[in-house]
Amino acid sequence: MSRFTESKIAVEAVKVVEEYGELTMGELIDVLTERMQPSGHDMAIIANRNDTYFSQKVRNLRSHSNKIFFNNVYYDSIIDKYVSYECKKMKDVLEEKVYVEKLGQKKSRVAVFYARKLDYERINKERKLIGNAGEELVYNDQIEFVKKNAPEYLKSVRHVSKLDGDGAGYDICSFNADEKLVYIEVKSTTGKKETPFYMSASEYAFYELHKENYVIARVYEFDINEKIGKIEYVLGTEFEGVFDKEVSAYKVVYKK
């Protein structure tokens, strides 16, 4: 259960701004969340707020005028962005078009540099718990939906990953309002909707073969204790317009 301190976050925030050149607060939160992988209490939603405890700590860098952060990063109030001093110097002497081009080149070279000891057993166990609970939430939601919209198919709604195991390329077999078969892949996180999620090669291959009948059930702001969260359904035909994909790993083999 991570509980990152503000000073720890400040050090990483400085590195992130130096690597990207300039970022809004929202962008900084997204990158730090991806890089530092907060969990447990840090990813719980603050009561009556849209922030997690982690994202609020990032925002506190500004509200608390954190010295580690602001001694190393320049805040440009005109564009409301945090800028590295390297980029500030470039911006002062270069034409805007040239600066934007160099900034783009800088961002394209960004890699994830974050040294950390990872408890893979704990992380995988936690993700599995969230994933299973999120699937149950969507399965129950589908039972209610089909009961109202396609009742004769109710007994055919199946929690495939639970009954048959992983590897099918989707988690739930259900039906839409037109009584058409749909394959639902559930992606659950405790963070906000924009929190990145992962698809395996087999899941993505299945999506490409079944776009017309494929659905991503995006479960977010999920409370693992209360077993409640928000669900957004994204049709396979809308996938490319809603999501961007990033390569996070390579499989490397010897040439034949």
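Every number in this text was worked out from the coordinates using simple rules, so none of it is lab data. Treat the numbers as computed from the prediction; the structure is a model and nothing was measured. As a convention, Cβ positions derive from the backbone with ideal geometry for all residues, glycine included, and neighbour counts pool all protein chains shown.
The residue of the range 204-238 that is farthest from Asp42 (Cα to Cα), among those that are surrounded by 18 or more Cβ atoms within 10 Å (Cβ to Cβ) and under 16 Å from the mean Cα position of the chain (by Cα), is Ile216.
Going through (1) closer than 29 Å to Glu246 by Cα; (2) touching a residue at least 12 places away in the same chain (Cβ under 8 Å) one by one, Asn66 falls short only on (1).
Screening Phe4, Phe54 for residues that are assigned to a loop (DSSP other than H, G, I, E, B) and either surrounded by 15 or more Cβ atoms within 10 Å (Cβ to Cβ) or in contact with a Ser or Thr (Cβ under 7 Å, 6 or more places away or on another chain) (or both) leaves exactly one candidate, Phe4.
Being touching a residue at least 24 places away in the same chain (Cβ under 8 Å), outside any strand (DSSP E or B) and surrounded by 11 or more Cβ atoms within 10 Å (Cβ to Cβ) is a description that applies to Lys192. Within the range 216-232, the residues that satisfy the criterion of being in contact (Cβ under 8 Å) with a residue 40 or more places away in the chain, in a strand (DSSP E or B) and either β-branched (Val, Ile, Thr) or within 22 Å of Ser55 (Cα to Cα) (or both) are Val219, Glu221, Phe222, Asp223, Ile228, Gly229, Ile231. For the range 8-50, the set of residues classified as out of contact with any helix residue (DSSP H, G or I) (no Cβ under 7 Å at 6 or more places or on another chain) and in a loop (DSSP other than H, G, I, E, B) consists of Thr24, Gln37, Ala47, Asn48, Arg49, Asn50, listed by residue number.
Hey, any hits in the range 87-105 for a residue that's closer than 16 Å to Val31 by Cα and not in a helix (DSSP H, G or I)?
no
Residues in the range 228-256 that are within 29 Å of Arg35 (Cβ to Cβ) and among the charged types (D, E, K, R): Lys230, Glu232, Glu238, Glu240, Asp244, Lys245, Glu246, Lys251.
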